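The block underneath contains the structure these notes are about, expressed in structure tokens.
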Amino acid sequence: MKIATILDHIDSGHMALPEFQRGYVWNREQVRGLFESLYKRHPVGGLLVWVTESNSAQYRGDGSLSPGVVQLILDGQQRITSLYGVVRGKPPKFFDGNKQAFTGLFFNLETETFNFYQPMKMQQDPLWIDVSKLMKEGSQAMAEFAQELSQRPECATKLGEYLQRLSHLLSITDIDLHVEQVTGADKTLDVVVDIFNRVNSGGTKLSKGDLALAKICADWPEAR
């Protein structure tokens, strides 16, 4: 599934986080590394989602789910939240964490590297591009960047090359990520939490207390 489609699914309520998922914990170095990998078209891993009915799904955030079947993210939350934060320029509805981790990511057209905004270093340098601005405004932002670069003699000679790099960066959202689905009536909350703990073996496992809270929220929505 294309990254752009995944982000659209989050906006429309077709994709969300289950109630038992933990918050966002990535730091800026991890976000920067993710975008460097995507720009170089290196593998970044796929998603594992729980396909369930929206009318019984317990999810994070104050947004609403779309009617019918929805996909709750079991594995890949940190990557998708980072992508959403940079591409949309704001946190997703289910966000719980420090948004500074993905705010202010810039790309250097000459070195093809990413870094977070540093006023003294970047403010007067047109080769540093605001990634969120490019992603949100697309061709309009490219035209603005091209106009500014063309007015700099030291940049004008490489304008075509720079525009190719901007286009390559913008097309990150066209990258396909594999989405594996957990489906079936037998996939109860207990089963799904067990799956979550197994795929999340490198992180903090959900405790019995976490599972109990998730069950309470599933049976008693007012407890959320």
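When the residues of the range 22-65 are filtered to those that are of a type in the set (S, T, N, Q) and in contact with a strand residue (DSSP E or B) (Cβ under 8 Å, 6 or more places away or on another chain), which remaining residue is modelled with the lowest pLDDT?
Across the range 22-65, the extreme among qualifying residues is Gln58.
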Pairs with Cβ under 8 Å, 6+ apart, first in the range 34-45 and among the basic types (Lys, Arg), second modelled with pLDDT of 95 or more and assigned to a loop (DSSP other than H, G, I, E, B)
Arg41/Ile175
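The values are calculated or read from the model by the stated rules, or taken from the named source; none is laboratory data. Just so it is clear, the structure is predicted and the values come from calculations on it, not from any experiment. Note that we place each Cβ from the backbone using ideal geometry, even for glycine, and neighbour counts take in every protein chain shown.
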